[in-house]
Amino acid sequence: MISEAAAIAEQEKLREQIITTDQLPDPIRYIAGTDVEYDKASDLIAGSIVVLDAETLDIVEIATHCMQVTFPYIPGLFSFREMPPLLAAWEKLTQKPDLLICDGQGIAHPRRFGMASHLGISIGKPTIGCGKTKLYGHYTDLDIRKGSIAPLLAEDDVAIIGNVLRTQEGINPVFVSVGHMISLETATNIVLNLAKQYRLPETTRIADHYGRLALEEFKRNNSI
DNA sequence: GCGACAG
DNA sequence: ATCTTGTCGC
């Protein structure tokens, strides 16, 4: 297994490749949600990528992959844990999406290289980081109303590394950041538009659902 | 030494 | 992530 030091060196190297401007295809036709489910008892994880029609949000394709965990959970090195099952699921996909929304941070990370950026660089596709909680940075004055945003600032108090976005009035916000090949503004708008009814974008909710199903089915088929 | 710490 | 019902509040 890759060492912690090697993982950090890898992040420092790959972060150079991140593109923080919009490089999206003209009409975005397919968007995808990614998520990884865990089974504490068996150490199994399931990577899940669900492709949706960007216009109707109808499900176009579902790809999942179950395997044993290969890396411990270390804040800041999270992608090394979730990348293996996601890349395996990615290989199974027939219809590759134009954009992926990941369950975790993009550049809102101590070394500016969270899970969404790592995945985006690895597969060469635009990605958005959308985490349920904060990993890094600080913010103030986030209004209670839906659609409100507060910039997520780095230690220097100057660099904006993401947006804290209130997707539903009075409900805990989500943390949006650039993964790869997209601007923060576009990423924020897309996440808000995908969270019409719930706190999390529809892509994440659907990926979570099918990842859960895949993990349960895998356990059943293998008597775990 | 004391918090913070994606899933 | 996961362990997990009722309960406090709008």
* Those residues of segment A:159-202 which are over 15 Å from A:I28 (Cβ atoms), in contact with a Pro (Cβ under 6 Å, 6 or more places away or on another chain) and part of a loop (DSSP other than H, G, I, E, B), in sequence order -> A:R166, A:A195
* Asked: If you go through segment A:113-158 one residue at a time, how many are in a loop (DSSP other than H, G, I, E, B), of a type in the set (G, A, S) and crowded, with 21+ Cβ neighbours inside 10 Å?
  -> 2
* **Members of segment A:63-122 found to be more than 16 Å from DNA strand C (Cβ to nearest atom), within 18 Å of A:R212 (Cβ to Cβ) and in contact with a His (Cβ under 6 Å, 6 or more places away or on another chain), listed by number** => A:A88, A:A89
* Residue match in segment A:87-100 (condition: surrounded by fewer than 16 Cβ atoms within 10 Å (Cβ to Cβ), among the polar types (S, T, N, Q) and free of Cβ contacts under 8 Å to residues at least 12 places away in the same chain) -> no
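Quick check, is A:T70 out of contact with any Ser or Thr (no Cβ under 6 Å at 6 or more places or on another chain), within 14 Å of A:A207 (Cα to Cα) and within 16 Å of DNA strand B (Cβ to nearest atom)?
Considered against the rule, which asks whether it is out of contact with any Ser or Thr (no Cβ under 6 Å at 6 or more places or on another chain), within 14 Å of A:A207 (Cα to Cα) and within 16 Å of DNA strand B (Cβ to nearest atom), A:T70 comes out as no.
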* **Among the candidates A:I74, A:I18, A:I28, residue that is surrounded by fewer than 23 Cβ atoms within 10 Å (Cβ to Cβ) and touching an Asp or Glu at 6+ places or on another chain (Cβ under 6 Å)** => A:I28
* Asked: Can you name the residue in segment A:42-53 that is within 16 Å of DNA strand B (Cβ to nearest atom) and surrounded by fewer than 22 Cβ atoms within 10 Å (Cβ to Cβ) and is also farthest from A:V178 (Cα to Cα) among such residues?
  -> A:S42
* For A:A150, are the conditions met, namely being among the hydrophobic types (A, V, I, L, M, F, W, C), touching a Phe, Trp or Tyr at 6+ places or on another chain (Cβ under 6 Å) and either within 16 Å of DNA strand C (Cβ to nearest atom) or under 22 Å from A:D22 (Cα atoms) (or both)? -> yes
* Mind telling me which of the residues A:I182, A:I161, A:I190, A:I206 ends up being under 25 Å from A:Y38 (Cα atoms), at pLDDT 95 or above and touching a strand residue (DSSP E or B) at 6+ places or on another chain (Cβ under 9 Å)? => A:I206
* Considering (1) surrounded by 18 or more Cβ atoms within 10 Å (Cβ to Cβ); (2) touching a Lys or Arg at 6+ places or on another chain (Cβ under 8 Å), say which one A:G106 fails and leave the rest. => (2)
* Please enumerate the residues belonging to segment A:102-130 that are among the small types (G, A, S), within 11 Å of DNA strand B (Cβ to nearest atom) and more than 13 Å from A:I182 (Cβ to Cβ). => A:G104, A:A108, A:G114
* Checking A:D39 against (1) buried (at least 16 other Cβ atoms within 10 Å of the Cβ); (2) of a type outside the set (S, T, N, Q); (3) at pLDDT 95 or above, which single condition isn't satisfied? -> (3)
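The values are calculated or read from the model by the stated rules, or taken from the named source; none is laboratory data. Please read these numbers as outputs of a predicted model, since none were measured by experiment. Virtual Cβ from ideal backbone geometry, glycine too; neighbours counted across all protein chains shown.
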